[in-house]
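So the structure is just underneath, and the comments pick up after that.
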Amino acid sequence: MKERTPLVKTIGLKRYFYSRPGFLARCLLGEKERTTKAVDGVDIYIEEGETLGLVGESGCGKSTLGRVIVGLYAPTAGQVLYEGKTEPNGQMIFQNPYASLNPRHTVRQILGVSLEKRGVPLEEREDESVKLLERVGLTPLHLDQYPRQFSGGQRQRIGVARALAMRPRLIVADEPVSALDVSVQAQILNLLEGLQAETGVSFLLISHDLAVVHHASHRVAVMYLGKIVETAPTESLFENPSHPYTQALLSAIPRLGATGESRIRLQGTVPSAVDPPPGCRFQTRCAHKMDICAEMEPLPVEIRGDPGHVVWCHLRASKS
Amino acid sequence: MAAPGDKEVLSIKGLQVCYRTDRGPVRAVRGVDLSVREGEIVGLVGESGCGKSATLLSVMRLLPFPGEIVAGSIEVDGTDVLALNGKGLQALRGGTVAMVFQDPMSTLNPAHQIGAQMKEALRVHGLPSTRSVLVDLLKEVGIPSPETVLGYYPHQLSGGMQQRVMIAISLSCRPKLILADEPTTALDVTIEAQILDLLRQINRDRGTAIVLVTHNLAVASQFCHRIAVMYAGQIVEEGSVKDVLSRPLHPYTRGLIGCIPRFRKGVPLTPIRGQVADLSENHEGCAFYPRCDKAVPGCLETLESLLDAGDRMVRCHRYGVPEYGDVAAAQDSGCS
Amino acid sequence: MIRGESTQASVRRRLMRLRLRLWAESAGATLKRLGRNKSAVAGAVVVTAIVLAAVLAPLISPYSPDKMNLNDRFSPPGGEYVLGADHLGRDVLTRILHGARVSILVGLITVAISIFTGGVLGVLAGYYGGTLDTFMSRLTEVLLAFPYLIFAIGAMAMLGPGFWNLVWALCFKGWVEFFRLARAGVLAEKTKEYVEAAKVLGRSDLEIMGFEILPNIVNPLLVVGTLRMGTMMVMEASLSFLGIGIPPRIPTWGSMIQDGYRFILNAWWLSTFPGIILVALVLSVNLVGEGLREVLDPDLQTF
């Protein structure tokens with residue numbers, strides 16, 4: 001167990017969404033209230049200066065988890081602690097560079113809001129904005145342009161500058177490069193890496209792209225239907241994936257130069273997070289399903305000889 | 001994978017596509033030659049705006065307004081596509097050539113049941129559309145309990161299943177060629193793998209040629225026999241997947257490969273500098289010039305034609321210049 | 001040190017100049033795009049001319065609007081009276097010029113009040129949702145169930161004729177459309193990532209509604225506002241035509257058409273000229289509105 005307090009820690013974090021069908025739908029179609037358990041009991045931590053990669057397929061709750069951590073959503077249960085305190089203190093970089101900047105605001109206005117919230121006096125904001133722009137690879141000439149005048153990659157740089165202006169200790173990056181062209185993706189990933197080396201900021205990197213996560217993360221957490229199923233230092237996770245889901249996920253990645261013939265095939269699709277199955281969430285698609293998997297939720301097991309590599313799977317529990 | 005035959009299914013020569021916008025012409029495709037043989041899987045790879053989708057849509061004559069084919073010829077299975085109209089086009093679209101799009105949710109009509117939509121596709125081409133035919137088609141694309149699925153509406157299926165239905169519809173007329181435009185981009189990795197398997201199996205079992213448009217080099221590397229890398233409306237390098245990806249010759253191909261994280265710790269990414277070329281500008285010489293490390297002033301003067309580099313074609317002024325080869329050799333172990 | 005400061009100042013000046021140029025260029029580009037739309041330009045010219053004429057009415061009109069000259073009753077157009085004289089011998093041109101003031105004021109004031117009320121309520125309902133939204137939405141549906149003119153007639157019957165009564169009667173339902181537009185706009189915008197970004201930065205709800213969302217939904221409100229100005233003018237004319245709008249002593253186009261209507265077979269000019277000018281103004285306002293829509297719609301806008 002860790003001695004010092006990590007920068008950010010979540011304790012039993014849950015976030016449910018309730019949908020209440022309309023009066024007619026309830027009376028005539030007999031539809032019931034539904035609970036989507038987007039995040040259902042997550043304990044993760046992020047160290048100072050560390051990048052934690054969060055991977056999973058669409059609908060697994062990874063974006064919701066990121067948004068709870070920066071305080072966009074209030075948790076249904078559990079806590080997010082920033083160095084032991086509950087006030088949210090993280091910034092966010094968004095997936096869609098076209099929707100994440102207000103189309104009616106110039107770059108100056110966009111950065112100005114961040115600087116104002118940080119308490120930078122009015123007369124210093126211009127200089128500060130110029131510094132920020134230069135840091136993310138843009139020039140002062142861009143200060144009075146509107147988002148539509150920029151390419152996707154440049155917009156994402158502005159988004160990074162906006163987050164940076166708050167001098168955050170943690171930045172939650174929600175699919176920061178998945179909407180960008182390959183050549184531009186690398187530029188942004190290198191930018192984030194450079195920022196971390198310079199300022200010691202921590203990242204929660206949310207991505208469905210395992211190659212990106214492998215490249216940029218120190219540790220990785222794999223999420224499935226609202227729960228973390230495996231977490232480990234990056235190398236250890238990619239070399240020795242221990243949860244059947246992680247194994248399938250890793251073998252499904254198209255890799256440059258590999259033939260792709262020898263892969264584990266997952267059957268079926270991701271079940272919905274509305275009323276997930278009791279017991280292990282992955283049992284419906286798991287090739288190693290046992291009786292116990294349907295009965296109780298697996299407890300975390302640390303892989304022997306691999307510190308920090310934890311897996312939530314009955315199969316592992318029975319082995320060790 | 002099925003061994004490609006000799007017969008040419010698709011032949012594109014000197015294709016030029018222009019979008020006449022209010023702000024002047026955008027030359028989306030600037031002279032593309034592409035040939036696809038029977039049973040072959042060819043990847044068209046490139047970033048957004050490189051003209052890969054416009055090339056594909058031209059084959060179907062489906063370019064959206066104000067796009068226009070201004071030069072070149074397209075032949076599918078010996079038929080001149082540009083000379084077709086009315087009935088001929090109808091026989092081509094969804095008949096000889098089928099298309100699979102990126103977003104199955106928006107290509108399936110949300111108001112009609114799956115069965116009805118499949119029936120319609122068969123009816124248009126004058127084929128029998130009995131229930132058993134439909135069930136067989138759905139079975140072939142690996143849909144569990146096809147009888148039930150026929151009565152479903154699109155929203156009742158997951159993205160992967162919808163894409164399977166689209167593929168079933170595209171198979172219904174036994175096409176010679178399937179054009180797949182980013183068919184797995186909207187899907188999760190585990191589902192992507194399933195769909196690519198399905199397409200590969202169709203290629204193997206039926207000998208259907210496939211043109212896959214993708215921005216994902218890794219997908220192309222696992223799925224295609226041959227790839228053509230496109231930049232700014234032109235093919236800059238074309239050859240077998242193995243040759244092109246393990247020993248890229250064009251600086252752009254090399255750059256692209258350098259941009260992809262490779263599951264090896266400590267290998268830094270080497271991005272291509274700058275932005276993707278703007279096609280509304282007129283490119284006299286090489287459009288990659290402003291982003292190229294190997295460029296010399298001569299690159300801007302004239303446009304290089306595709307050079308024969310033995311195992312592939314490459315469009316670069318610097319190819320054949322002595323030090324160029326050394327650089328290529330240094331990159332040799334590029335990816336494997 | 002001093003040298004350093006002066007360089008900094010000069011950099012700042014250069015930046016300022018550049019900024020001004022950029023701003024001027026973008027404003028110029030907007031105007032240029034509007035200018036390329038021929039019908040919008042024509043509309044703007046007509047509207048400007050009529051507004052100018054209305055403002056300057058007391059100075060440029062040849063007579064006083066109330067001056068009767070019974071000897072000149074039904075003088076045809078072209079003679080001493082350019083557009084003829086009415087059944088009381090009043091100059092039609094003069095009365096049209098003065099009537100323009102009423103039409104334009106009614107249009108401007110009702111639309112301004114409607115945009116403000118509808119906009120504010122719509123933004124609040126759309127942003128907060130919940131009971132407020134449900135209540136407001138049902139209320140607007142009820143109001144929409146009544147035809148506008150019938151509704152206004154009812155309201156005027158209760159309030160009695162008068163300029164402000166007319167304005168209130170028109171606004172009573174006029175805000176509904178703007179409410180729905182604003183609400184729909186907010187619903188579409190509030191899920192976008194830039195709103196989330198503003199929340200993460202710690203902007204208050206008021207700041208988000210006013211500074212982030214409002215600039216993105218205000219254009220459709222303005223465009224529809226311009227178009228509705230025409231509707232409001234027609235409504236005023238209709239009500240005045242029915243004799244329940246503006247009191248008869250104030251000249252308005254509606255009441256002029258009504259007065260002349262009785263003599264249409266003998267003196268066509270009494271109703272025709274106010275009718276033509278009404279159609280011309282409403283049409284021109286609509287043309288300007290359409291032009292604005294094309295220029296301001298960010299989806300159509302490309303640089």
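Numerical summary
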item	result
Single condition A:Arg34 does not satisfy, out of (1) out of contact with any Lys or Arg (no Cβ under 8 Å at 6 or more places or on another chain); (2) under 26 Å from A:Asp209 (Cβ atoms)	(2)
Among the residues listed as A:Gly78, A:Gly84, A:Gly66, A:Gly53, the single one being modelled with pLDDT of 90 or more and at positive phi	A:Gly78
Failed condition for A:Pro168, given (1) touching a residue at least 60 places away in the same chain (Cβ under 8 Å); (2) away from chain C (no Cβ under 12 Å)	(2)
Some residue of segment C:147-156 being away from every other protein chain (no Cβ under 14 Å) and over 24 Å from the mean Cα position of the chain (by Cα)	no
So C:Gly28, is it in a helix (DSSP H, G or I), surrounded by fewer than 16 Cβ atoms within 10 Å (Cβ to Cβ), modelled with pLDDT under 80 and away from every other protein chain (no Cβ under 14 Å)	yes
Filter result for B:Ile178 (away from every other protein chain (no Cβ under 14 Å), crowded, with 22+ Cβ neighbours inside 10 Å and outside any loop (DSSP other than H, G, I, E, B))	yes
Residue selected from segment B:108-126 under the condition assigned to a loop (DSSP other than H, G, I, E, B) and under 28 Å from the mean Cα position of the chain (by Cα), by the criterion farthest from B:Ser158 (Cα to Cα)	B:His125
Residue match in segment A:73-89 (condition: assigned to a strand (DSSP E or B) and within 28 Å of A:Arg135 (Cα to Cα))	yes
Helices (runs of 4 or more DSSP H) completely within segment C:201-303 that count 2 or more residues being surrounded by 15 or more Cβ atoms within 10 Å (Cβ to Cβ) and β-branched (Val, Ile, Thr)	C:214-241, C:269-296
Evaluation of C:Leu206 against (1) over 23 Å from C:Met233 (Cβ atoms); (2) of a type in the set (A, V, I, L, M, F, W, C); (3) in contact with a helix residue (DSSP H, G or I) (Cβ under 7 Å, 6 or more places away or on another chain) (one fails), failing number	(3)
Residues of segment B:271-282 that turn out to be among the polar types (S, T, N, Q) and within 7 Å of chain A (Cβ to nearest Cβ), as a count	1
Qualifying residue in segment B:223-233 (condition: farther than 27 Å from B:Gln163 by Cβ, among the aliphatic types (A, V, I, L, M) and at pLDDT 90 or above)	yes
Single match in A:Arg155, A:Arg118 (criterion: modelled with pLDDT of 90 or more, under 24 Å from the mean Cα position of the chain (by Cα) and either crowded, with 19+ Cβ neighbours inside 10 Å or within 12 Å of chain C (Cβ to nearest Cβ) (or both))	A:Arg155
Matching residues, segment B:242-263, being more than 9 Å from every other protein chain (Cβ to nearest Cβ) and not in a loop (DSSP other than H, G, I, E, B)	B:Asp243, B:Val244, B:Pro251, B:Thr253, B:Arg254
Of all residues making up segment A:275-289, the number that are within 14 Å of chain B (Cβ to nearest Cβ) and either modelled with pLDDT under 75 or in contact with a Ser or Thr (Cβ under 7 Å, 6 or more places away or on another chain) (or both)	0
Given (1) away from every other protein chain (no Cβ under 11 Å); (2) in a loop (DSSP other than H, G, I, E, B), index of the condition B:Thr185 fails	(1)
Every pair of residues 6+ apart whose Cβ atoms lie under 6 Å, when the first sits in segment B:181-205 and is more than 22 Å from A:Gly59 (Cβ to Cβ) and touching a residue at least 40 places away in the same chain (Cβ under 8 Å) while the second is aromatic (Phe, Trp, Tyr) and surrounded by fewer than 21 Cβ atoms within 10 Å (Cβ to Cβ)	B:Asp181/B:Phe101
Residues of segment A:18-48 satisfying the condition of being free of Cβ contacts under 8 Å to residues at least 40 places away in the same chain and assigned to a strand (DSSP E or B)	A:Tyr18, A:Ser19
Qualifying residue in segment B:232-241 (condition: at the interface with another protein chain (Cβ under 7 Å from one of its Cβ atoms), assigned to a helix (DSSP H, G or I), touching a Ser or Thr at 6+ places or on another chain (Cβ under 6 Å) and under 23 Å from B:Thr185 (Cα atoms))	no
Residue within segment C:116-126 that is assigned by TED's automatic domain parsing to the domain that holds C:Lys173, among the polar types (S, T, N, Q) and either out of contact with any Phe, Trp or Tyr (no Cβ under 6 Å at 6 or more places or on another chain) or within 23 Å of C:Val282 (Cα to Cα) (or both) present	no
Meets criteria (assigned to a strand (DSSP E or B), crowded, with 21+ Cβ neighbours inside 10 Å and touching a residue at least 24 places away in the same chain (Cβ under 8 Å)) for B:Ala220	no
Condition broken by B:Gly298, with the remaining ones in (1) touching a residue at least 40 places away in the same chain (Cβ under 8 Å); (2) of a type outside the set (Ser, Thr, Tyr); (3) away from every other protein chain (no Cβ under 14 Å) satisfied	(1)
Residue check for C:Gly245: touching a residue at least 24 places away in the same chain (Cβ under 8 Å), under 19 Å from the mean Cα position of the chain (by Cα) and under 21 Å from C:Lys38 (Cα atoms)	no
Scan of segment A:207-249 for residues that are surrounded by fewer than 24 Cβ atoms within 10 Å (Cβ to Cβ), farther than 24 Å from B:Leu269 by Cβ and touching a Ser or Thr at 6+ places or on another chain (Cβ under 8 Å), ordered by number	A:Ala248
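The values are calculated or read from the model by the stated rules, or taken from the named source; none is laboratory data. What you see is a predicted model; the values in this text were computed from it and never measured. Please note: Cβ atoms are built from the backbone with ideal geometry, for glycine as well, and neighbour counts cover all protein chains shown.
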